[in-house]
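As structure tokens, the structure follows; a few thoughts come after it.
The values are calculated or read from the model by the stated rules, or taken from the named source; none is laboratory data. Note that this is a predicted model, so its numbers are computed, not measured. Reconstructed Cβ throughout: ideal geometry from the backbone, glycine too, with neighbour counts over all protein chains shown.
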Amino acid sequence: MPHLETMTPDVHSDHVRRFVVEHQPVRGHWVHLKAAWRELRAHGDYPPPVRSLLGQAVAASVLLAATLKFRGRLTLQLQGNGAVGLMVAQCTHDFRVRAIARFDEGQLEALGAGRPDAGLTFRSLAGSEGRFTVTIEADERSLRYQGIVPLTGDCLAESLEAYFAASEQLPTRVRLAADDEHSAGLLVQKLPETAGSTVGEAWDSARRGFERLTARDLLGRPVEDVLGRGLPAHDLRLFRGSPVQFECRCGEGRVTALLRALGPEEVRDVLREQGEVTVTCEFCRRLYHFDAEAVDALFADSGKASLLIH
């Protein structure tokens, strides 16, 4: 068994942790969510296959954010022509996550999603064609980066690997898993070779070890056990974890800016038809209500509204 030097006592859930192979250009991140995942999925009613894929996307967004040095937010978006047409998972630099999925109930029923033995695959849910998009919005100087790759392989992890190969040219292996209670992921990368390193040996060992890891390993084992199985025969350094939590960033300010952007005519049309304007946050299902007085106040000064929009 490898020697695993732990920098802080293990916290099994709701943390993301970085690790390195000692003296080798191989690094990685591990994430395991429990309370954050339960709270996130409590805001949406998803069938089990969709819920599992959404949990994988949430873990993937955390792993992606953990590889970056930035202040802002990262959005992972999956679009396909299957039963799950759209899936969005967001993670901030300080690991606050939220996510949603849109799916076609009729297509899911046709696939037998209600049967416990359906065994739906990634491709049967996402479809034969689609794309995997990663958008990074950094607070500093309002920088924005977007990378797009086709949906690749037979699982979400393989699309994530294709993204790293295209955007960073870093060989990357990813494992993702989710069930009703947990969401988890593991990512390992091969960095540029340095003098004195035996990167080929370490990387080949990591790839073989990843093949042995199962969803049960990721969801049910502590990080030390997972790394011991996935990266055997190497000394590892496991660093302090960062907590991950569910948090929606919606708020009164964002909603009023949205309504101002729609314009007074369209908003007042809704007000006349329905008696009030109601906006629902897709991520947390929170309702925002605007009566006639609130709408009048919203557009009382068109000059100020214009400044807010821009």
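Residues checked against (1) at pLDDT 90 or above; (2) farther than 18 Å from LEU64 by Cβ:
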{"position": "GLY106", "(1), (2)": "yes, yes"}
{"position": "GLU109", "(1), (2)": "no, yes"}
{"position": "GLY119", "(1), (2)": "no, yes"}
{"position": "SER124", "(1), (2)": "no, yes"}
{"position": "ARG173", "(1), (2)": "yes, no"}
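Looking only at segment 205-215, decide whether some residue is closer than 25 Å to ARG41 by Cα and either modelled with pLDDT of 85 or more or out of contact with any Leu (no Cβ under 7 Å at 6 or more places or on another chain) (or both).
yes
From the list ALA184, ALA206, ALA202, which one is closer than 25 Å to LEU160 by Cα, outside any helix (DSSP H, G or I) and either aliphatic (A, V, I, L, M) or in the same structural domain as GLU158 (by TED's automatic domain parsing) (or both)?
Testing whether each residue is closer than 25 Å to LEU160 by Cα, outside any helix (DSSP H, G or I) and either aliphatic (A, V, I, L, M) or in the same structural domain as GLU158 (by TED's automatic domain parsing) (or both) leaves just ALA184.
Select the helices (runs of 4 or more DSSP H) contained entirely in segment 13-116, then report the ones holding at least 1 residues which are polar (S, T, N, Q) and at negative phi.
Hits in segment 13-116: 48-66, 105-110.
If THR214 satisfies every condition in (1) surrounded by 18 or more Cβ atoms within 10 Å (Cβ to Cβ); (2) among the hydroxyl-bearing types (Ser, Thr, Tyr); (3) in the same structural domain as GLY72 (by TED's automatic domain parsing) but one, which is the exception?
It fails just one condition, (1).
Does at least one position in segment 181-194 carry a residue that is modelled with pLDDT of 90 or more and surrounded by fewer than 19 Cβ atoms within 10 Å (Cβ to Cβ)?
Yes, there is a match, as at least one residue in segment 181-194 is modelled with pLDDT of 90 or more and surrounded by fewer than 19 Cβ atoms within 10 Å (Cβ to Cβ).
Can you tell me which residue in segment 92-110 is surrounded by the most Cβ atoms within 10 Å (Cβ to Cβ), limited to those that are of a type in the set (Gly, Ala, Ser) and closer than 14 Å to GLY44 by Cα?
Step by step, filter segment 92-110, then rank; the result is ALA99.
Would you check which residues across segment 61-89 are under 25 Å from ARG286 (Cα atoms) and crowded, with 23+ Cβ neighbours inside 10 Å and list them?
SER61, VAL62, LEU74, LEU76, LEU78, VAL84, MET87, ALA89
Just one of (1) under 17 Å from the mean Cα position of the chain (by Cα); (2) under 27 Å from ALA36 (Cα atoms); (3) surrounded by 14 or more Cβ atoms within 10 Å (Cβ to Cβ) trips up ILE148, so point out which.
Checking ILE148 against (1) under 17 Å from the mean Cα position of the chain (by Cα); (2) under 27 Å from ALA36 (Cα atoms); (3) surrounded by 14 or more Cβ atoms within 10 Å (Cβ to Cβ), the one that fails is (2).
Go through segment 221-243 and give me each residue that's in contact (Cβ under 8 Å) with a residue 12 or more places away in the chain and in a helix (DSSP H, G or I).
Within segment 221-243, VAL223, GLU224, VAL226, LEU227, GLY228, ARG229, GLY230 qualify.
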